[in-house]
1. With the requirement that a residue be more than 16 Å from Ile38 (Cβ to Cβ) and buried (at least 19 other Cβ atoms within 10 Å of the Cβ), what does region 56-69 give you?
2. Residues of region 74-88 being more than 12 Å from Ala146 (Cβ to Cβ), in contact (Cβ under 8 Å) with a residue 12 or more places away in the chain and surrounded by 13 or more Cβ atoms within 10 Å (Cβ to Cβ), which ones?
3. Is there a residue in region 155-167 that is assigned to a helix (DSSP H, G or I) and at pLDDT below 80?
Amino acid sequence: MDESAGSGSAPGVDDGIGIGEDGTVGYRGVTACHAVGISYRQLDYWARTQLVVPSIRDASGSGTQRLYSFRDLVVLKVVKSLLDAGVSLQNIRKAIETLRSHGVEDLAGITLISDGTTVYDCRSPEEVVDLLQGGQGVFGIAIGGAFKEIQGSLSHLPGEPAVFARPAADPEPVESFGDELAARRARRRAG
C-alpha cells in the first residue's frame, strides 16, 4: 500500500495520513471503527479481552489511545465478518491465532471457510474446492477482499505516525492536558 499515492508533496503532509519514521501508519480507535464497521465498545472489548490487540500502541492508562496497524484492521474486519456469520468467539479466537502467524502480504492470499463451528484456513483455490466438495463450507471470507475494502475505507480517514519522535531542536516541552488547562485558567484570571 502506497500511502503517498496521489499526493504531490511529502507523505503525511496534505493527504491526512501520518507516516512514522519507519513508514508505519497508525490508526486510532475511532478511525479503526469507521474503517471496519464496528462500534467503539466492540473495539474496546476485543482489545481488553486480547482478541485483537493493537500492534503499534496499546492503551497504557488514562488519556492514552490505542494505535492499530493496517494488519490489525484487516484482522478486525475478519473478526466482524465471522461474528456476523454466527461463528462462536472460541472459534474466532482459533482463527485469529492462525492469522497472527502470517504477514500482511500472506493474509491477502488466505480464504477462511467455515461451517459455523469450525474455521478452515485455505491458501489455494484447490483447498477451497476440496473443502466445499467435502461439504464443510457454509460461507467463506476472502481476506484479500477485506484487505481491499479496508484500503478503500482508509483512503478518506486519518492516520497518524506510529513513531512519535520529538525533534531535538524543539525547545518547548509538550504540555500535558492539565498544564494546558491551568494555563487557560491563568490567562482568564489575568484578564
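The values are calculated or read from the model by the stated rules, or taken from the named source; none is laboratory data. Bear in mind the structure is a predicted one, so any value in this text is a computation, not a measurement. No Cβ is skipped: glycine too gets one built from the backbone with ideal geometry, and neighbour counts run over all protein chains shown.
1. Those that are more than 16 Å from Ile38 (Cβ to Cβ) and buried (at least 19 other Cβ atoms within 10 Å of the Cβ): Ile56, Leu67, Ser69.
2. Once the filter is applied, which keeps residues that are more than 12 Å from Ala146 (Cβ to Cβ), in contact (Cβ under 8 Å) with a residue 12 or more places away in the chain and surrounded by 13 or more Cβ atoms within 10 Å (Cβ to Cβ), region 74-88 yields Ala85, Val87, Ser88.
3. Filtering region 155-167 down to residues assigned to a helix (DSSP H, G or I) leaves none.
No, because not a single residue in region 155-167 is assigned to a helix (DSSP H, G or I) and at pLDDT below 80.
Residues checked against (1) without any contact (Cβ under 8 Å) to a residue 40 or more places away in the chain; (2) of a type in the set (Gly, Ala, Ser):
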{"site": "Gly29", "(1), (2)": "yes, yes"}
{"site": "Cys33", "(1), (2)": "yes, no"}
{"site": "Ile38", "(1), (2)": "no, no"}
{"site": "Arg41", "(1), (2)": "yes, no"}
{"site": "Trp46", "(1), (2)": "yes, no"}
{"site": "Arg57", "(1), (2)": "no, no"}
{"site": "Ser69", "(1), (2)": "no, yes"}
{"site": "Asp72", "(1), (2)": "no, no"}
{"site": "Lys94", "(1), (2)": "yes, no"}
